[in-house]
Amino acid sequence: MLRKTCLVMVAVALSGCASMQAPTAGAIDTARVDAALKSFTDSGKLVGVSALVTQDGKEIYSGAFGYADREAKKAMARNTIVQIYSMTKPITGVALMTLWEQGKFKLDDPVAKYIPELANVKVYDGVDAAGKPILVAPNRQMTIRDVARHTAGLTYCSKDNLPAVQAQCDTVKPLAIENTLDEFARKLGTLPLEYQPGEKWRYSFGVDVQALLVQRLSGKPFDQYVRETILEPLHMKDTAYYVPPEKRARLAALYDWNPDGAPIRQPDEKAFRFNTGHWPLTPGGYGLTSTLDDYSRFARMLLHGGELDGVRILKPSTVRLMSTSVLDPAVTDVLWLVSKGEVGFGIDFAVRTDPPKAKDGAAGEVGEFFWDGAAYTLFWVDPKNKLTAVFFTQLMPFGKVPAQKAFRDAVYEGIDPAALAPKQ
């Protein structure tokens, strides 16, 4: 059953935009999902939350609760624009793989073949007696496959990084928004790798390297290539780096988790700085804004094997390649990837390889692929059940409230497996 769309005026109510009809056989239990999401805004743990679920090409759930802007009493709505942070990464990966389909590169090509700024990087190997970093030659060059699955050895200049590398990052600032992608590569090339390529899984600047690969292989600015190749063909009209003045009333405020009470709003000049200015940097790893409907169209394209509404972005075989784990089982040092459940990693997607084992594991289906964003956004594609889901809120840091698990559990608890099973 298709859920009726709530009017924006109705959404202004504190109860949010909730299900108007009971689910029919085979649909998810919309009341269950409503209750799960609404509980987080009613309790004040989230300021606003929204979600959209499709199955077999049809919408089976949409809901929005709480506020996009608490201080302005602006309701969270279906067309609210949010910062998706690392949910930019799968879009970058798709852009890169369109060029792979054109024969522009091979996945096992050295990155330095196209980005010579990274040809002479060394590998961090501890510190000497004086506390200075010891640098050694890499055992092999990082490949494009490495940067697509986060096994390249690259850093991310975050608290998870080695202190000695972090100190250099703080000085070099490769991903400063004043840098172009070319300047990013030049500065990144001055930093050591954190480990030998292929030995570990570490979140990194790998997807920003992919953005520069797209730019150099296509001969177009990265943002232009993404817009022309993915966003415009899929009619993702509200997905962009820059939010123009006429759309800013729909831009959700960003909040910080507060262990002592209600989330605290980030100052707008900090929260919106990147997306309300024109900056030299067009990162591949973060930076896009989007809406539920826009990102759902991207997810549905992936579910349908790279095609949506008669527009083909990728071949089905390419989507299968991207959504198949390519992590070597010998790579057991995967940092916080284990927090995502029983997963491997493909090309810019985590891939569920086994059912949830832990009691507190979030519901999901083997074979699904997904990713999330720093402000606690999430999407997944479930080929077995022909299902896509998009979950939006704007709370940092990631994962301080269990809303994503509650949403997943509510979706899958309400599914009739027989009704949603793939047709033979």
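The values are calculated or read from the model by the stated rules, or taken from the named source; none is laboratory data. Predicted, not measured: the structure shown is a model, and the values here were computed from it. When we count neighbours, we look across all protein chains shown, and the Cβ atoms used for this are built from the backbone with ideal geometry, even at glycine.
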Exactly one of A152, A185 is buried (at least 22 other Cβ atoms within 10 Å of the Cβ) and farther than 28 Å from T324 by Cα, and that residue is A185
For the stretch 340-370, how many residues meet the condition of being out of contact with any strand residue (DSSP E or B) (no Cβ under 6 Å at 6 or more places or on another chain) and without any contact (Cβ under 8 Å) to a residue 60 or more places away in the chain?
13
If you go through the stretch 315-329, how many residues are under 13 Å from H304 (Cβ atoms) and of a type in the set (D, E)?
0
Criterion violated by K384 - all others in (1) more than 16 Å from T54 (Cα to Cα); (2) part of a loop (DSSP other than H, G, I, E, B) satisfied
(1)
Of those in the stretch 131-162 that are farther than 21 Å from W336 by Cα and assigned to a loop (DSSP other than H, G, I, E, B), the residue modelled with the lowest pLDDT is G131
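Find the residue count for the stretch 117-130, including only residues that are exposed (fewer than 12 other Cβ atoms within 10 Å of the Cβ) and without any contact (Cβ under 8 Å) to a residue 12 or more places away in the chain.
We begin by selecting, within the stretch 117-130, every residue exposed (fewer than 12 other Cβ atoms within 10 Å of the Cβ); these are 120, 126, 128-130.
Now restrict to residues that are without any contact (Cβ under 8 Å) to a residue 12 or more places away in the chain: 126, 128-130.
Selection size over the stretch 117-130: 4.
Filter the stretch 313-332 down to the residues that are modelled with pLDDT of 95 or more and among the charged types (D, E, K, R), then identify the one that is nearest to L96 (Cα to Cα). Quick ask: steps written out before the conclusion?
Residues of the stretch 313-332 that are modelled with pLDDT of 95 or more, as a first pass: 313-325.
The next check asks that each one be among the charged types (D, E, K, R); those that pass are 315, 320.
Working: K315: 13, R320: 15 Å.
Looking at the filtered set, the residue picked out is K315.
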Every pair of residues 6+ apart whose Cβ atoms lie under 7 Å, when the first sits in the stretch 76-93 and is more than 19 Å from L37 (Cα to Cα) while the second is β-branched (V, I, T) and in a helix (DSSP H, G or I):
K89/V207; I91/V226; I91/I230; T92/V207
When the stretch 163-195 is checked residue by residue, the ones that are in contact with a Gly (Cβ under 9 Å, 6 or more places away or on another chain), assigned to a loop (DSSP other than H, G, I, E, B) and over 19 Å from I115 (Cβ atoms) are I177, Y195
Run T377 past the list (1) crowded, with 17+ Cβ neighbours inside 10 Å; (2) polar (S, T, N, Q); (3) more than 13 Å from the chain's Cα centre (by Cα) and report the number of the one that doesn't hold.
(3)
V401 is checked against (1) farther than 24 Å from K159 by Cα; (2) outside any strand (DSSP E or B); (3) touching a Leu at 6+ places or on another chain (Cβ under 7 Å); (4) touching a residue at least 40 places away in the same chain (Cβ under 8 Å) and fails just one. What number does that condition carry?
(1)
Considering the stretch 57-108 alone, what residues qualify as being at pLDDT 95 or above, of a type in the set (G, A, S) and farther than 28 Å from T41 by Cβ?
G93, A95, G103
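Check whether at least one residue in the stretch 102-112 is within 20 Å of the chain's Cα centre (by Cα) and either loosely packed, with under 14 Cβ neighbours inside 10 Å or more than 26 Å from L193 (Cβ to Cβ) (or both), and report yes or no. Give the steps one after another, and end with the answer.
Within the stretch 102-112, the first condition is being within 20 Å of the chain's Cα centre (by Cα), and the residues that meet it are none.
For the stretch 102-112, residues within 20 Å of the chain's Cα centre (by Cα) and either loosely packed, with under 14 Cβ neighbours inside 10 Å or more than 26 Å from L193 (Cβ to Cβ) (or both): absent.
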Kindly check whether there is at least one residue in the stretch 104-114 that is outside the structural domain of R312 (by TED's automatic domain parsing), of a type in the set (F, W, Y) and assigned to a strand (DSSP E or B).
no
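Each row is one residue, and each column tells you yes or no for (1) more than 21 Å from the chain's Cα centre (by Cα); (2) outside the structural domain of F298 (by TED's automatic domain parsing).
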residue: V165; (1), (2): yes, yes
residue: R186; (1), (2): yes, yes
residue: T190; (1), (2): yes, yes
residue: L193; (1), (2): yes, yes
residue: G198; (1), (2): yes, yes
residue: W201; (1), (2): no, yes
residue: V209; (1), (2): no, yes
residue: L213; (1), (2): no, yes
residue: E228; (1), (2): no, no
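Every residue, every condition in (1) among the aliphatic types (A, V, I, L, M); (2) farther than 30 Å from W100 by Cα; (3) buried (at least 21 other Cβ atoms within 10 Å of the Cβ); (4) without any contact (Cβ under 8 Å) to a residue 24 or more places away in the chain, yes or no:
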position	(1), (2), (3), (4)
F222	no, no, yes, no
M236	yes, no, yes, no
A253	yes, yes, yes, no
G261	no, yes, no, no
I264	yes, yes, no, yes
D268	no, yes, no, yes
D293	no, no, no, no
G306	no, no, yes, yes
V311	yes, no, no, no
State the number of residues belonging to the stretch 196-216 that are surrounded by 22 or more Cβ atoms within 10 Å (Cβ to Cβ), in a helix (DSSP H, G or I) and out of contact with any Pro (no Cβ under 7 Å at 6 or more places or on another chain).
7
